[in-house]
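Asks: My structure is below; once you've seen it, I'll send some questions.
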Amino acid sequence: MKKRLGLGTWSWGNKLFWNYQSANDNDLRETYEEALKRGFYLIDSADSYGTGKLNGRSEELLGKFLSDTSSFQKKRIQIATKLAPYPWRLGNKGFTRPFLNSLKRLDNKLDIVQIHWSTAKYNPWQELQLLNNLCDLIDQGFNFQIGLSNIGPQRLKNIIQYLSKRNRKVKSVQIQFSLLSPDSMKQINVKRICESNQIDFLAYSPLSFGILCIDPETNENKQDSLLRSLIFKNYTEATIDLRRCLKKIAVSRSVSQAQVAINWCCYQGVIPLVGMRKKSQVIDISNVFKWNLNKKEFEMLQDASENCLKKMPRNPFSSV
């Protein structure tokens, strides 16, 4: 089984949920450098990542790190970012300035441009105009591929057909995908469409904010933000059996619970986007490349997931 893992950067610049501190930027640089050494060649960001005045901070940091990366290594990296379809980003040029701003922040290295969420529920024409905008930018000579995020199977089919009229294809689709994510049938349907159209399926939040990493024996919750601590508290009891299953496999394999949860994704042929802030996290997760779940272990996790008393909340912007 050939695996691909991506590095997620939502936490880079996010104070509210991840308690980002600029004093820790060196840790993020080490995380980036270790990720490249260990084969994480897909890196995902967004123009909305960063809290308040730090909006775009994730892209800025990534751009700084890229500027110190050799041209040989840069050729191996795929940089993906997501542009937010805010209500004021309208028409066939609504993404032009945001795209150029992201490109500048990312040191002119941008391979996949994704619409961060679908506008199908509240303004279905908006995302079609923005997709036209991205096609126009490609026609003007900018070299990137188009991706989607938080999209359902029916809307995905429609957009594949819509882009074909511009002779363009969807490169990637990312949706919430983990042992705790809701709407498993919806995920499966999106995955099937991706497989039949040679679209990369990217799994975001594969560790469910880190909930799947909590040791079920201690239930230790040492989070560095109040919001994340409250969420963990809300899920500790409801996920205990699932986390016991994760730990059982982890102990038998002499690996971490995080590795087991990520390998559950890889078993299904998807590309997990793993959010990391420390070199040690990269080292641990990179060991996923060294082993695979067997069928029995996968089925154990499936059963534990299906019987879990509480799943993560649905993304309100995800389309049907």
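The values are calculated or read from the model by the stated rules, or taken from the named source; none is laboratory data. Worth saying up front: this structure is predicted, and the values here are computed from it rather than measured. Backbone-built Cβ (ideal geometry, glycine too); neighbour counts: all protein chains shown.
Asks: If the requirement is being in contact with a Ser or Thr (Cβ under 7 Å, 6 or more places away or on another chain) and among the hydroxyl-bearing types (Ser, Thr, Tyr), which of these qualifies: SER178, SER164?
Replies: Result of the check over SER178, SER164: SER178.
Asks: So which of ASP224, ASP241 is within 21 Å of TRP264 (Cβ to Cβ) and either outside any helix (DSSP H, G or I) or in contact (Cβ under 8 Å) with a residue 60 or more places away in the chain (or both)?
Replies: Among ASP224, ASP241, only ASP241 is within 21 Å of TRP264 (Cβ to Cβ) and either outside any helix (DSSP H, G or I) or in contact (Cβ under 8 Å) with a residue 60 or more places away in the chain (or both).
Asks: LYS37 passes all but one of (1) buried (at least 19 other Cβ atoms within 10 Å of the Cβ); (2) closer than 22 Å to SER280 by Cα; (3) charged (D, E, K, R); which number fails?
Replies: (1)
Asks: Only residues that are surrounded by 20 or more Cβ atoms within 10 Å (Cβ to Cβ) and either in contact (Cβ under 8 Å) with a residue 60 or more places away in the chain or not in a helix (DSSP H, G or I) (or both): list them for region 117-138, please.
Replies: TRP117, SER118, THR119, ALA120
Asks: Could you say which residue among ILE112, ILE175 is crowded, with 18+ Cβ neighbours inside 10 Å, under 20 Å from the mean Cα position of the chain (by Cα), within 30 Å of GLN302 (Cα to Cα) and not hydroxyl-bearing (Ser, Thr, Tyr)?
Replies: ILE175
Asks: Taking VAL255 and the conditions (1) surrounded by 13 or more Cβ atoms within 10 Å (Cβ to Cβ); (2) part of a loop (DSSP other than H, G, I, E, B); (3) aliphatic (A, V, I, L, M); (4) at pLDDT below 95, which numbered condition does it fall short on, given that it satisfies the others?
Replies: (4)
A quick yes/no check of all residues on (1) on the phi > 0 side of the Ramachandran plot; (2) free of Cβ contacts under 8 Å to residues at least 60 places away in the same chain; (3) not in a loop (DSSP other than H, G, I, E, B):
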site: LYS157; (1), (2), (3): no, yes, yes
site: TYR162; (1), (2), (3): no, yes, yes
site: LYS171; (1), (2), (3): no, yes, yes
site: GLN174; (1), (2), (3): no, no, yes
site: GLN187; (1), (2), (3): no, yes, yes
site: ILE193; (1), (2), (3): no, yes, yes
site: PRO206; (1), (2), (3): no, no, no
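Asks: Looking at region 207-224, is at least one residue closer than 19 Å to LEU7 by Cα, buried (at least 22 other Cβ atoms within 10 Å of the Cβ) and in contact with a strand residue (DSSP E or B) (Cβ under 8 Å, 6 or more places away or on another chain)?
Replies: yes
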